[in-house]
Each structure stands twice: as structure tokens, then as C-alpha cells.
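Each reported figure results from applying straightforward, stated rules to the coordinates on display, with no laboratory input. Keep in mind the model is a prediction, meaning the values are calculated, not measured.
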Amino acid sequence: MKIFLDTANLESIRKFNDMGLLDGITTNPSLMSKEGGNPKDAMEEITKIIRGDVSLEVVSTEYSGMIEEGKRLRQYGENVVVKVPMTPDGLKACKSLSSEGIPVNVTLIFSANQALLAAKSGAKYVSPFIGRLDDIGQNGMELIKEIKEIFEHYKDTLKTQILVASVRHPLHVIDAAKIGADVVTLPPAVLDKMLQHPLTKIGLENFLADWDKLKSGNPDIKI
Ligand code: E4P
């Protein structure tokens, strides 16, 4: 399963990219707004740091505006995936951009029907938002299972990837991987939690304390 980071924060992107953990990035207008400044600078920088796919989202809601913005966004790099909302205009833009060879991520997917239609329009990725479904009392992971089951039937012809979005905690990641989702996009805080385990911390403290004991009798010892 590929791991994308769901952020426009350059510091987090650099931090996790240096660990070799990132296959790509997803952003959206809210994430851009959170960072402040001119989003153009962030977009330019992110597409330079990351080799994999970088989803940059349009803000137009009608077809021609989406196409114009999508083409402008693509100028940031060959790795830019144009993110469009799951609307009739979004699907029309998805079809046009995809047939020109520009990859598209259809976002704000909340049902298997929407995922199926976005795939049909040529989307490279469909982004079901599981956390937001959980928030309203629907099981987001059930949607991932359903989409996966449907896409499996057509795997020879349907190349659209399931990008699990709106991830809230590490268990979401485990469950998505068990289902066989293609990609998860994670907020930096979730990736941070996945790295940690209390026994790792305690184990390391004990190793170092024992080493210090050994060193106290032999100060010249070095690894
Ligand atoms: C996906 O691409 C979106 O940017 C994101 O996962 C939305 O997550 P949220 O529901 O935490 O805002």
C-alpha cells in the first residue's frame, strides 16, 4: 500500500520524505489555507521535493474553470495530479483531462456509486473520505471494502486506484491495508503515531542506561 502525506506543510513533507516513507502528497484548499502565504510557493516546492504523485486541487466549480486551473496546476510538474470534486462538472473535467494524459484524483467521494462513476470518467484515483463518514455515524471503512470488492471484478480494465482519505488514526491505516486499498493519505500526526510504541521508547532507554553502566567502569569504550 502506498503512503501519501495529506498536508501542504513543507517541514512535515521534508521530515517524512527523508525517512523514505512518502510515495506522494495530497493537498486541498483547506490544507493550503492552514499554511497561509502564497499557495503557489508551496505547490512549487512540494512538487520539487516529492517525486511521486502530488494532488493539487482546483477551486473552480464549473468545467471550463476546472480545465484552465488543472492545466495551470500541471505546470508545477509532471507529477501533478489534478484534484477535482465529485460533481457533474468535476467528472466532465476528469474525462477531458484524463484523455489528454493528465492524471486526475476525484475527491469528496462518499458512496460506492460515486467511486464507480469517477472511475468510469477515467480517474487515476478516487478519494473516499472515511473519517467524515465515521463522524456522521457511518462506517467509513465499510465503504472502502465495498469499493474494493467492486473494482476487483473489473481489475483487467479498470485501473483506478482507491486512495483512502480523511484518515483519523493508525487503526484506519491497518484496516485499509488489510482490505488492500491502493493508497492511504495521512495527516502528519497519524504518521507520527504510527512510528511510535511505548515499548520501543522504554527498550531504548534501558539499552542506553545499561550501556552507561558499562561505560562508567571503562570510560574509553566506544562503538
Ligand atoms: C484528501 O485528499 C483530503 O485532503 C483529506 O484526506 C480530507 O481529510 P479531512 O476529513 O480530515 O479534512
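The eigenvalues of the Cα gyration tensor, multiplied by 5 and square-rooted, give the chain an equivalent ellipsoid with semi-axes of 38, 22, 14 Å from largest to smallest.
Please report the relative contact order for segment 2-189, taking Cα pairs under 8 Å with a sequence separation of at least 6, and give it as a percent rounded to a whole number.
18
Centre-to-centre separation between the Cα atoms of segment 200-223 and those of segment 85-101: 59 Å.
Multiplying each eigenvalue of the alpha-carbon gyration tensor of segment 1-106 by 5 and taking the square root yields semi-axes of 23, 15, 11 Å, largest first, rounded to whole angstroms. Taking Gly203, Gly36, Gly122 in turn, the Gaussian network model of the chain (Cα-Cα springs below 10 Å) assigns the largest fluctuation to Gly203.
Lys-Lys pairs in segment 38-110 that are eight or more residues apart or on separate chains and whose Cα atoms lie under 23 Å of each other come to 10.
Residues whose amide H lies under 5 Å from that of Gly24, counting only those 5 or more places away or on a different chain, are Leu5; hydrogens are built 1.01 Å from N in the peptide plane. Within the chain, DSSP assigns beta bridges of which about 0% are antiparallel (rounded to the nearest 5).
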